[in-house]
1. Between rounded, prolate and oblate, where does region 57-201 land on the alpha carbon gyration tensor, with a ≥ b ≥ c its root eigenvalues, rounded for a/c under 1.5, else prolate if a/b exceeds b/c?
2. Using Cα atoms only, what is the angle between the long axis of helix 57-74 and the major principal axis of the chain, expressed in degrees (0 to 90) to the nearest 10?
3. Test of understanding: express the Cα radius of gyration of the chain as a ratio to 2.2 N^0.38 Å, with N the residue count.
4. Rounded, prolate or oblate: which one fits region 1-100, using the alpha carbon gyration tensor with axes a ≥ b ≥ c (rounded when a/c is under 1.5, else prolate when a/b beats b/c, else oblate)?
5. Enumerate by residue number the trypsin sites (Lys or Arg not before Pro) in region 47-86 meeting two conditions: DSSP loop (anything except H, G, I, E, B), and at most 14 other Cβ atoms within 10 Å of the site's Cβ.
6. In what sequence, largest accessible area first, do Ser256, Ser232 appear using a 1.4 Å probe?
7. May I ask you to give the solvent-accessible area per residue for region 181-285, in square angstrom, as obtained with a 1.4 angstrom probe?
8. Could you tell me how many degrees, from 0 to 90 and to the nearest 10, lie between the Cα long axis of helix 233-253 and the main elongation axis, the longest principal axis, of the Cα atoms of the chain?
Amino acid sequence: MLGHVLNGLSFGGLLFLLASGLTLTFGMMRTVNLAHGAFYALGGYLALAVIRASGSYLLGLVVAVAVVAVVGVVLERVVLQRVAGRELPQIMITVGIAYVIGDVVLAVWGGRPQTLPRPPGLDGVLNLGSLTFPWFRLGLLVLAVVVYLVLQRSLADTLVGARIRAAVDDDETARAVGIDVGMLFAVTFAAGSGLAAFAGVWGGAFTGLRPGTEWDILLLALIVVVVGGLGSIRGAFVAALLVGLLDEFGKWLFPSFALFTLYAPVAVLLALRPRGLFGREERVA
């Protein structure tokens, strides 16, 4: 039982790393970016290529995050800014971008599943009596907690966080008082895209990478963001852990109905709380 709980929580930690970036771009900025899952996959594959070429895990992580962050900024500045506030064009554009990235990944790395190496120092297992649990998965859960605390404090207690909230709530007033809304949104989108790549590097060692990964992981990230409440970092964190546990126990107890045990509780929750666990008014609490 404990092993399944830890597995669910660690997978939830991975979902939070991905969903935190989507919370910034979709939940806060109200920019629909369905290429977020493709950024996850691209980050993982880029890191894999750099690690194989250089032998450095850290270099692979940094390059993947930096490159995907730049790709995200270009997408936001050049394309999405032109259709700001128009959800349908944003959906069509970002779905197209996701398919393009998926085809590029398939052409460069092929269709064979790939697995990234684990971060240095996180090999081996923790012995808890009769239970053995990988240090990597515990490290992933701890990392998710750290990222949550940093994002929560950054958005709630810093000047940058206050400016982001002001720009999202009323961009005209924000511009009038001297806030560079365009630059702020570009930085926020870069951070969200970089977090997707960061999650892809860790996820590549957790679940591996394969063609179609971008869509599978995107669906779970969307569930986390919506269940947690649009724009709520705290909601995304709580929802990610819940979804991770539901996924793990559903596959363990009811393998033939694993999708039902995940999506049915989500549907019931959203029927009872359409704004999610933490509504829009608590987006950074």
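The values are calculated or read from the model by the stated rules, or taken from the named source; none is laboratory data. Predicted, not measured: the structure shown is a model, and the values here were computed from it. Here the Cβ is made from the backbone with ideal geometry for all residues, glycine too, and neighbour counts use every protein chain on show. Only protein heavy atoms, including side chains, enter the accessible area calculation; ligands, DNA and RNA are left aside. Shrake-Rupley method; radii C 1.70, N 1.55, O 1.52, S 1.80 Å.
1. Working: a/c = 2.81, a/b = 1.44, b/c = 1.95.
Oblate, since a/c reaches 1.5 and b/c is not below a/b.
2. That helix lies at roughly 30 degrees to the long axis.
3. Values: Rg = 18.6 Å, N = 285, 2.2 N^0.38 = 18.8 Å.
Relative to the 2.2 N^0.38 Å estimate, the chain comes out at 0.98.
4. Numbers: a/c = 2.58, a/b = 1.32, b/c = 1.96.
Oblate.
5. Details: sites: Arg52, Arg77, Arg82, Arg86; in loops: Arg86.
Within region 47-86, the qualifying trypsin sites (Lys or Arg not before Pro) (loop, at most 14 other Cβ atoms within 10 Å) are Arg86.
6. On the way: Ser256 105, Ser232 0 Å².
Listed by decreasing accessible area, they come as Ser256, Ser232.
7. Details: 4360 Å² over 105 residues.
On a per-residue basis, region 181-285 sits at 42 Å².
8. Long axis of 233-253 versus the principal axis of the chain: about 30 degrees.
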